Structure formats: structure tokens, C-alpha cells
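The values are calculated or read from the model by the stated rules, or taken from the named source; none is laboratory data. Just so it is clear, the structure is predicted and the values come from calculations on it, not from any experiment. Quick reminder, even Gly has a Cβ in these numbers, built from the backbone with ideal geometry, and neighbours come from all protein chains shown.
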Amino acid sequence: MSQVKISTADNRTLLGFWIYLMTDCVLFGSLFATYAVLHQNTFGGPSGQDLFELPYVLVETLLLLTSSFTAGVAILAAKAGRKKQVIGWLVATLLLGLSFLVMEIVEFQEILSSGYSWETSGFLSSFFTLVATHGAHITIGLIWIGVMVWRVWKLGITQGNLRRLMIFSLFWHFLDVVWIFIFTIVYLMGVIGI
Amino acid sequence: MINRRALTQYIVGFVGSVLLTLVAFYIVSSGILTGWTAVFYIIGLATVQCMIQLFFFLHISEDGRPRWKLHSFLFMLFALAIVVAGSLWVMASLNDRMMPTTQEMQEYMHRQSLNGL
Amino acid sequence: MKTKLFLTLGLVVIVAVLLTVYLTSGVNVEILNPKGIIAEQQRDLIVLTVFLGLFVVIPVYIMTIFIIFRYHEGNKKAKYSPNFSDSLLAETIWWGIPIIIIVFLSIVTVVSTFKLDPHKPIVGDKDPLQVQVVSLDWKWLFIYPEESVASVNYAVIPEGRPVDFALTSDTVMNSFWVPQLAGQIYNMPGMITHLNISADKGSYNGSSANISGEGFAGMKFVIQATDQNDYKSWIKKAQASDNQLSQSAYDELYKPSKNNSVEQYSNVRDHLFNDVVNKYMMPDMSKNHSSEGDK
Amino acid sequence: MDSIKHFIFGDFNLVDAIPKEMVTLGGAIGITLGLLSILGLVTYFKKWGYLWKNWFTTIDHKKIGVMYIIVAVVMLLRGFADVIMMRLQQATSVGSSQGLFTADTFQQVFSAHGTIMIFFVAMGLMFGLINIVVPLQIGARDVAFPAVNAISFWLFAAGMVLINTSMLLGEFSAAGWLAYPPLSGIEFSPGVGVDYWIWALQVAGIGTTLSGVNFLVTIMKMRAPGMKLMKMPIFTWSVLITMVMVISVFPILTGTLGMLSLDRLMGMHFFTAGGGGNMMMYVNLIWAWGHPEVYILVLPAFGALSDIVATYSRKKLFGYPSMVWALAAIAFFSMIVWLHHFFTMGAGSEVNAFFGITTMIIAIPTGVKIFNWLFTMARGRVRFDSPMVWFIGFVFLFTVGGMTGVMLAVPALDYQVHNSLFLVAHFHNTIIAGVVFGLFAGVTYWFPKVFGFTLHEGLGKAAAWLWFIGFAFAFGPLYVLGLMGATRRLDHYAESTGWQPLFLVAGFGAALIGVGIVCQLLQVVISIKNRKKNLDKTGDPWNGRTLEWAVPSPAPFYNFPAIPNVTSRDAFWQAKQTKTPLWRDSDIVDIHMPKNTSIGVVIAGLAFVVGFAIVWHIVWLAVVGLVAIIVSVIVRATNDDTSYTITREELLAMEKEHKQRYTA
């Protein structure tokens, strides 16, 4: 397959998507600021130390990190024009992302089953909202991978597909960066108890 | 073939991130550091990991002239820092002037238990 | 163009001045005729900032009128230099002078903000009188903890003596404002804010300055500053009043009502104010106001 | 049975939703009749095809700009109807009389007035002008992402429709234009009003964020070759800085409204009084977006005035670099001042003092801009057409607004006049005299570029003078009332306060402004009627300085046959002076233009459905709508055939036809 080149229009789209990611950063920033203000208002309910099991979250983090790596390699394969490899790495990214999402839903389920919910306290409201907003972005990303696998399988690596794959990889790496701060500020600091 | 140099960049970025995550995890779960010192270290590790991912995964350095990607990222960081730091400073000042003292809360709890509610 | 401008400006200025003089002669412009130490200093700030502001506004007005008359296209005598587009002198003036004004005003700001901090008790010969204020759905409850009396929409304070209002709300956000005595401060549920004032003799209108629902316009109250013995007799009258502010009486008062008339209560349930504040801090043992079983 | 009905219709039931209050019912009937008659007319004249092909699915930035301005003008009329209701109520509701409206209706009226005037009139006029002018000024054919631009406009329109549906079905928020909790919480505002407010703003807000991204990339990447940043027209500079602010702060609005909605719908405790919530965080976040928002509104107006003053004075803009630095300084400082909106909440003195000082500092670059405009007029040949008359009104009234702003910046002083009518008069001073006058001047100035004929001058000037004098009479008394202790949002006050005469004068002022608006509507109607006589034959009616005047009026859909090469500031003026053409026929090549797309209308329609469903708690409809949005985005994103080519010959033919149209 011939090497596909990035056109000026594509560069403009990539820059436009990057600036959209900056606005998403500010959205997460406002959720982080609210979490920082409310995380001690447990209102008699459980605190971070009671709820979070770090090993479980570590596995989640490593899953997402690996999926970020596989997404990167998928882009390299796409630039090299290797259709089968692209689909392989994309499916790997999909499976890793999906298992991350499932683990997150299981964690929420555990909290809900122990009788607490987002209605319990300001802390739990901001915890659920911050992590669930990230989860929603992950879900959008997973749908996106599904669509891309189908498009690449059907049309191979066209210029349009390459551009969309590169936009997807920006989005996926960005979500991993946001998760670094969720893992640090919500979970690690939650267990420390600051 | 897959471009060798780019692949090594991704591997380095990946391994670096995993290591930083494990170190942060170890610091907290083993409890060798606690309180604000622990927080200081894990925030530092998170920032380093963020920069690694920006550089190796998000290719923030490969930017045409003028470097719009970098400028927009730095300006966003600046706006974010103002909002988050400003909010924390303002809310801290508001809270410590207005929140009823813990001592008053204890008295209230005590009175509630007395009334058998 | 020119005559229209001159005519309009003149008309507007004349009418505005006439209007203000006519309307304010018979009427009490509260903020500009303060009756408390805090409000006096705030009035002085208003005068100072208007004076400083005019340093910029008047030159702008004069320059604008001059330029309109001089450089409109009809006046061929005026110099026309299309590339006259920068002058270091002009730039330094209109960056420099405003900076100086603002630096001076910043100093005034820092000094006045710390001096007029509503949280800071006023140093007087007598220690401040503690008055607790709870804003309810559309009325004000004043509680005198030492004398254990309370009153609705009306409070008597000894003139000249510092008063420390501790403010909270048992409903939405309100803002406790008595223009002739001091600036306003928000009342918020679950939080205590403070306003320290000291008043000359007289009767002063107060209101809520923050929208709080349907009865907002009716949330008016009066602060009466009297000499020592009038204050004492008012307190005695309150202590003698037969309706007592028990928890159930408070629950009755909590129910929304508009344009409440003045009422007085005797022996207030102790710690009522603190319980109103702390009830938002803990899961609701007694949040539902209909909880009986109280003394 | 009842649970099934609740599942299908949520809390919506037609009988309860119809407004009971006489006035709102009257308004609702009025709107419905107006709407039905317009739909009837369009069907009668069989224009649906034309509208769909040329307007609903257009991606031409000029047409989208015109649609923004049409929505803004319609909303100006709606917002001004609220003004008349408020003035009547405050002039009559004294002592024993309760005036014309109940307290609840009055509170809905001022909440709607504030929200509509800021979000749909000011933002609408601003984005209308930005859409029309920016691509033309930087020598581009369109914005960076035409489809996203269409989506942004239609989301803005969907927000407008959602807010007006609240008048027909249900009620609107009674908690003011920024709905502070706990009043806006579910406990104290159980109705659907606040939900309508939240979701109208969310839908329009997301559209605005997308526009921010779109225009930032347009200005960054699509300037004509040779147009360095410091050679850009000053209006485009103000838009660049405004869009940087839009992308920095609008997500905060999205996040805060989202959290408030979660409080109301899911019982969360972000901003509730109990349950571990913290209402002060809402006030903090909403103003961290709120204050930059008002500067987002005023900067493009400043940019428009800079271009206008330079053109009508036939002179270069005075101190171009200083003006750019002033814009940047205003934008920077506007992001660190937001606490002056709640000095009276009780933060520490050091916090209040810091934010007081940063607020004052903004007055310096604003003052610099005013002096620079005046010196632009100095030694020029100033022609006082109606845009310049708006500018003169701006100078006289906006400086007073600036002075009262510096007064309000001093915390100790703000304690007295916060939330009083003094504050109301101040922000109307800066928004009406600043944003509205600046944008009216801009609309008059760039009108011929879009429609091909100039607006009627006499009526334009009459409208300007009526607005000035009306403004002085409407808000002069409010300044005095604020000092007399009158707070804002009062639906009733006592006889003894002595305020009534001043409220009557304010009512008279509002009436004058009303006549001014009528003049503006007349101006448009009469200008359309005798447009043949006021045709703009040369494309350069005002002897302009920037690129947009280099193309004929009305500007062809592709704007420039060949992208002009720019060598200096005021590119078109240099080209006229040195007689060098900006492009030659030999430069004309095949060009790619984006195809029309219905994605905007589809996504906005679905967004309206989702918003309506969330407001009335119809869960299944919200989910279905959301899924449909995602599917339509995927369908659009995977469609590669989105542009068509125009050959060189077609362009040359069209250019020749343009020239003949006026010379023959």
C-alpha cells in the first residue's frame, strides 16, 4: 500500500481537534476544581479511604495506558499502510478500553450496592460525575474505534481514514492524560486522605 | 514497514508512563510517605507522566511554525491554572471565615443525641 | 451634526440635574446621607472615586467635542495628515496618567478593604452587642442571645454602641443590607457571616439585596437606634411578651409568608441560631421542620 | 396505567403546561399565531424548497451571519417586550397597588430579559458580524470548518427555540439570569423553569464553544499569504483574542450548568444547602465564566469601532500596536477579576483587595483604546454617517460606564451598591453603550457588503439619537435610585420610599428607546423598498481600508476569485493608493467549495428534542435523541464527498458578470 501523505486541510482539522481537546481540558478542570472543593464534604457518608481499593484502580490505569500504546502503534501501522496490522491493533485498543470501562462500571456497582450513591454526599456527587464524565468520553472513543475498524476493513487506508485515525489517537491519548490526574487526585489522594 | 524510530518513541513513552504509575502507586499503597509530602510526590510524578505522554504520544513538539499546538496548550494551562488555583484560594478564604467551627458542630451533635433523635 | 450634538447633550445634562435636585431634595438618598461610621467612610469612598473618575471622563468629553468641531470633513482649514498614527508622547500620557490614578486608587482600596471589613469588630468603649439574624422565607428573625428575646422585621439597638450581627439563612441566599449604616453581606444556609456596625440615633430601613423567591420584595425590616434606656425598655417589653420562640414556634415561623408584620418573642430556645446553622452540616436528624418531641 | 403514561410523557401533560397567568398566556398565544402565520405564508408562496436549499442547509459564512443577526433582532424585540413589562410594573406597583403582574411572573420576566439579551441578542449580533466579516477580512473563502459553523448556528437557534417554548409550555426560571442555587435548586424551584434555562444555555453554549474553535483555527491558519499577525485588520485581532477567551471559559459554563442540572435531576449535592454541597462554588464558577463572557461581548464591538473610526476619518488607526496590546491586556485581566461579582459574599479582605485592584487595572487599557480612537479622528476628515453617530454615543455613555465600573471595583464601596439599581445602571451602561452601540454601528457599516445596498442614513441617525437620550432617561434615574437604597429585581415597593417619580422617568426613557427600535425596523423596511437607489456599485461604499471592500457587494459566495497577496496593514487602502491589484486574472485557478449540508439542522433539531425531553423528564426520548445525534455525527464524519470544484473558467465568467452588472 502506498504511503498516504497528510494534506494542509488535514493539518487544519488536526489543529481544530487539538483546540477542541483544550476546551475539554477546561471542562475537566472545572470538574476537578469542584471535586477539590467538595471532596472533604462526606456528610456522614463514606470517604475516599473507605471506598477505594488501589490495586483494582491500578489495573484499570495500566489497562488504559496499554490501550493508549496500542492506539499509537495502530497509527504507525496506518502510516505504513499495513491494513491488517491497523485492524489488529485497533481491536486490541478496543478490548483494553472496553475492559477498563467494565472495571469502572463494576466499581460503581460495588459502591451502589453498599448503599451509597451520588445522592449521599457532595464528595460522592463530585466523584461520580468526574469519573463518569471520563467514562462517557471513553465510551464515545470505543464507538469511534468500532466505526474506524469497519471503515478500514471496508475501504482500506484512504486519506480520510488516516486523518480520522490520527484524530482518534489524539483523543485517546488525551483521555489517558486526564485519567492520570483522576488516578492521582481522586484515588491516590483519596487513599492518602488529604 | 512501520517506522522504527517512531515505534521506539512510543515504547519509551509507554514504559516511562507505566513506571511512573507504579512508583506513585507504591508510594501511596506502601505508606512510606504520608500526608502532604506524599501528595507532593504523586502530583510531581503525575506531571512528569503528563509531559512524557504529551511529548511521546501527543507529539506536541512536532508542530509547524508558529507552534499553534504548543501555544494553545500553554494558554489553556494558564487559563486552567487561574480558574482552579483562583477557585481554591477563594473557596478556602470563604470557608474558613464562614464554616461553623468543629467545636460548634460537636456541641450540636451532642445536643442531638441528648434529644434522642 | 454639531448643533444636534450640542443641543442633545445640553438637554440631557439640564434635565438630569433638574431631575436629581428636585427628586432628592425632599427624599432621603440613603447612601449619601449615612448614619453609621461604616456607611460614612463608604460615602467618602464614593465621593473620592467619582472625583478621580472625572479626571478621565471630563478630558474625554472635551477632546471628543473639540475633535468633532475641528476635524469634521466640512472644515477644510483643519490639518489632514492621513498617516499621523502614532506619537510616543500621547501614548505615554494616556497609558501613564490612568496608571497613576489606578495605583493611587489601589492604595485606597487596600486600606479601605481592610478597614471596612464587615468581619472586623468595631472598637468602641463598650464591647459589641451580639445580635443573631436568620433570614427566612421572606422575613427577618432577629435573636438577642444574651437577653433571650427575638423579633421579626424590627430590631432595636443602642445608639453609638458597636453591634456584631451574626448572619445565617434557613432558606435560600439573602443579603442583609441597611444602606444608611453599612454595606451588605450575604446570608447563606449552613454558614455564619458577620456584619459589624455602629449607628447614630434614628430609624433605618433595611432590605434583602439578593433575589430569594416570590416574597423577595416584601423582605423589609427596620433597625431602630435608640438611647440606652429606650433599648432597655424595648428588651423588657419583649421579655414580657407571651409568645415564646420555642422550636415549634420557630417551625411555624419557618413556613413561607410575605410582608410579615413586626412580632416579638420571649425566651428563645437556647442554641436556636447554632442549630439552624449546623443542621445543614450533618445528615438530617431534625432537618424536617415538623419534628415534634421538642421541649 | 399511570406509570406507563409517566414513562411515555414524563412530567409533561399538556393541560398543566399551558400557562395560566393571563399575560404569559397572551404572550404564548401571540407567539403561536405569529409562528403559524409565518409558516402559512411560506407554504402559501411555496418557498420551503428555496429556504431549505439556500438557508437551512447553507454553509456560506455570510448567510449564516445574516441568520445570526435575524435571530438576534427577533430576540431583541422579545427582550424589549420584557423591558416594557418591567418598567410598567415598577412604575405602578407602589404601596397598596400590586401593579400588573404577580411577583412570580415578574421574576420570570426579568430572568428571561437578562438571559435573552445576553445569550441571544448580544452573542447573536456578535457572531453574526464575526461570521460575515472575518473570512472576508483575512482573504479567505470560508471558515476552517464550514459544517461545524452551520452546526454552531443551528445549536444557537435551537437554544433560542427552547427558551421561547418555555413561554408556551410550562414556565421559565424565576431565579434571575444566572440562577444562583439554592434558589435554583430543586427544593426552591421545583418547576421546569430552571431546567428550560439550563438546557437552552447548554445547547447554545456548546454551539458557541464550537464557533470559538472554528474561528480560532480560521484566523490562525487561513490568512492570506503575507498577512502577518501584526498586519491583520484590528476587528480580526479583536475576534482572535475573543475566540481565545471563548475556548478558555465557555467549558466552565458547560460544566457548571451540567452540575446544577445533575443537582436538580439526579438529587446530587454539588450546590445544595445541605448534603455536603457548597453553593458558593456555583457562584465562583459561574462568574469565572461570567466576567470573561461580558468581555467576550465587548471586544468585537471595540474591534468593529476601530475599523469604523479609521475608515470614516480616512486615516490609519492611531497606535495600532498599542491597540492590540490593549486588547490582549483586557483579555488577560478579564480572567482574574471575577470575584468582584461577589465581594459581599464575605471572602477575606486580602482576597477582596486583590480582585478589586485587578478589576481597576482593566480600566487602563480600555481608556487607552478610547484615546486612540479620538486621536484616530484627530487630523482626519471625519464623515459623520450613522456608524460614527453610534460611535459618538458610545464615547459619551461608555466612559460613564467605565467610571462607575472603577467605583464598583473598590470592595468597600461595592458593599453598598452591590445588587442595587446603581449596579444595574452600570452594567447596562457598559453593555448597551458598549456592546449594543458598537454592534449596531458594525451592522450598519457592513450591511452593504452582504446585501448590496446601503441602509437609510436619516433613520439610522434618528435611531441613534433616540437610543442615546432614551438611555440617559432610562438609566440616569436608576443610578440615583441605587444610591437611595433600591435593590434590583423589586416587583413592589413602599410609597414612603419616594422612588416612584424616578421609576416613571425611567419608564419614559424606555419608551424613547422603544421609538428608537421602531426607527431601526423602519430603516430596514425603507432601505429594502428603495434599495435600487442606494445600490453599492463599487463594493467600496465607505472608501474602506481592509480586504472585505475589495470584492463586489453583495460578496459572491466564493468571496475572492484568487486569494489576494498582502504586503502591509490596511491591505486594500495600500492597493488603492499604489494602484497595484490585489490579484490578477492569471492567479485564478480551480477552487474547492464545501457542499451544503443538513447536518446543522439535524443535530440542532435533535438537540432541541433532547433538551425538551430532559426538561420534562421524558427519559426514553432524551436517550433516543442522544443516540440519534451520535449516529448523525458518525454519518457526517464518515462522508468523504463534502466539497465540489469550481473551474477557472466559471470563476472568470462570474467575475466578468459582476463587473458588467454595474457598469452597463
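Could you list, ordered by first residue, the pairs with Cβ atoms under 6 Å in which the first is in segment D:564-587 and assigned to a helix (DSSP H, G or I) and the second is polar (S, T, N, Q), at least 6 apart or interchain?
Every condition considered, the pairs that remain are D:PHE572/D:THR546; D:GLN574/D:SER568.
Taking the stated definitions as given, is D:GLY516 crowded, with 17+ Cβ neighbours inside 10 Å and assigned to a helix (DSSP H, G or I)? Explain how you work it out, then say what you get.
Working: crowded, with 17+ Cβ neighbours inside 10 Å: yes; assigned to a helix (DSSP H, G or I): yes.
Against the criterion (crowded, with 17+ Cβ neighbours inside 10 Å and assigned to a helix (DSSP H, G or I)), D:GLY516 qualifies.
Can you confirm whether D:LEU77 is surrounded by fewer than 15 Cβ atoms within 10 Å (Cβ to Cβ), under 30 Å from D:VAL551 (Cα atoms) and of a type in the set (A, V, I, L, M)?
Values: surrounded by fewer than 15 Cβ atoms within 10 Å (Cβ to Cβ): yes; under 30 Å from D:VAL551 (Cα atoms): no; of a type in the set (A, V, I, L, M): yes.
So D:LEU77 does not fit the description; no.
Only residues that are of a type outside the set (Lys, Arg), at the interface with chain D (Cβ under 9 Å from one of its Cβ atoms) and part of a helix (DSSP H, G or I): list them for segment C:68-96, please.
Residues satisfying the conditions are C:ILE68, C:TYR71, C:ALA90, C:GLU91, C:ILE93, C:TRP94, C:TRP95.
Give the residue, chosen from C:LEU52, C:LEU48, C:LEU105, that is facing chain D (nearest Cβ under 7 Å), assigned to a helix (DSSP H, G or I), of a type outside the set (Asp, Glu) and crowded, with 16+ Cβ neighbours inside 10 Å.
Criteria check complete, one pass: C:LEU105.
Give A:THR133, A:THR120, A:THR184 a once-over and let me know the one that is within 14 Å of chain D (Cβ to nearest Cβ), over 19 Å from A:THR13 (Cα atoms) and within 19 Å of the chain's Cα centre (by Cα).
Answer to the selection: A:THR133.
Can you spot a residue in segment B:62-73 that is surrounded by 14 or more Cβ atoms within 10 Å (Cβ to Cβ), under 22 Å from A:ALA36 (Cα atoms) and either at pLDDT 95 or above or not assigned by TED's automatic domain parsing to the domain that holds B:THR8 (or both)?
So far as segment B:62-73 goes, no, none of its residues is surrounded by 14 or more Cβ atoms within 10 Å (Cβ to Cβ), under 22 Å from A:ALA36 (Cα atoms) and either at pLDDT 95 or above or not assigned by TED's automatic domain parsing to the domain that holds B:THR8 (or both).
So D:ALA510 passes all but one of these: (1) within 7 Å of chain C (Cβ to nearest Cβ); (2) among the aliphatic types (A, V, I, L, M); (3) in a helix (DSSP H, G or I). Which condition number does it fail?
D:ALA510 satisfies all of (1) within 7 Å of chain C (Cβ to nearest Cβ); (2) among the aliphatic types (A, V, I, L, M); (3) in a helix (DSSP H, G or I) except (1).
May I ask you to verify whether D:VAL309 is part of a helix (DSSP H, G or I), at negative phi and at pLDDT below 95?
no
Would you pick out the residues in segment D:301-353 that are under 20 Å from D:PHE437 (Cβ atoms) and of a type in the set (D, E, K, R)?
Passing the criteria: only D:ASP307.
Report yes if some residue within segment A:35-49 is within 14 Å of chain D (Cβ to nearest Cβ), farther than 28 Å from B:LEU19 by Cα and either at pLDDT 95 or above or in a helix (DSSP H, G or I) (or both); otherwise report no.
yes
Out of (1) at pLDDT below 95; (2) in a strand (DSSP E or B); (3) crowded, with 24+ Cβ neighbours inside 10 Å, the odd one out for C:GLN130 is which?
Result: C:GLN130 passes all but (3).
Can you tell me which residues in segment C:224-239 are surrounded by 15 or more Cβ atoms within 10 Å (Cβ to Cβ) and either of a type in the set (A, V, I, L, M) or free of Cβ contacts under 8 Å to residues at least 60 places away in the same chain (or both)?
Of everything in segment C:224-239, those that are surrounded by 15 or more Cβ atoms within 10 Å (Cβ to Cβ) and either of a type in the set (A, V, I, L, M) or free of Cβ contacts under 8 Å to residues at least 60 places away in the same chain (or both) turn out to be C:ALA225, C:ILE235, C:ALA238.
Across segment B:58-100, what is the number of residues that are over 29 Å from the mean Cα position of the chain (by Cα) and either of a type in the set (Asp, Glu) or within 16 Å of C:MET191 (Cα to Cα) (or both)?
Count: 1.
Can you name every residue in segment B:44-55 that is more than 8 Å from every other protein chain (Cβ to nearest Cβ) and surrounded by 19 or more Cβ atoms within 10 Å (Cβ to Cβ)?
Listed by number, the list holds a single entry, B:ILE52.
If the requirement is being out of contact with any Lys or Arg (no Cβ under 7 Å at 6 or more places or on another chain), within 27 Å of D:HIS291 (Cβ to Cβ) and at pLDDT below 95, which of these qualifies: D:PHE396, D:PHE437?
The conditions single out D:PHE396.
Which residues, taken from segment D:544-578, are touching a Gly at 6+ places or on another chain (Cβ under 7 Å) and hydroxyl-bearing (Ser, Thr, Tyr)?
Residues satisfying the conditions are D:SER553, D:THR567.
I'd like the full set of residues that are in a helix (DSSP H, G or I) and out of contact with any Asp or Glu (no Cβ under 9 Å at 6 or more places or on another chain), limited to segment D:18-32. Steps first, answer last, please.
Looking only at segment D:18-32, we keep the residues that are in a helix (DSSP H, G or I), and these are D:22-32.
Those that are in a helix (DSSP H, G or I) and out of contact with any Asp or Glu (no Cβ under 9 Å at 6 or more places or on another chain): D:MET22, D:VAL23, D:LEU25, D:GLY26, D:GLY27, D:ALA28, D:ILE29, D:GLY30, D:ILE31, D:THR32.
On the given criteria, is D:THR546 among the β-branched types (Val, Ile, Thr) and touching a residue at least 60 places away in the same chain (Cβ under 8 Å)?
Yes: the conditions hold for D:THR546.
Consider D:GLY458 against the criteria (1) in contact with a helix residue (DSSP H, G or I) (Cβ under 8 Å, 6 or more places away or on another chain); (2) closer than 30 Å to D:SER553 by Cα; (3) part of a helix (DSSP H, G or I): it satisfies all of them except one. Which criterion is unmet?
So D:GLY458 meets the others, but not (1).
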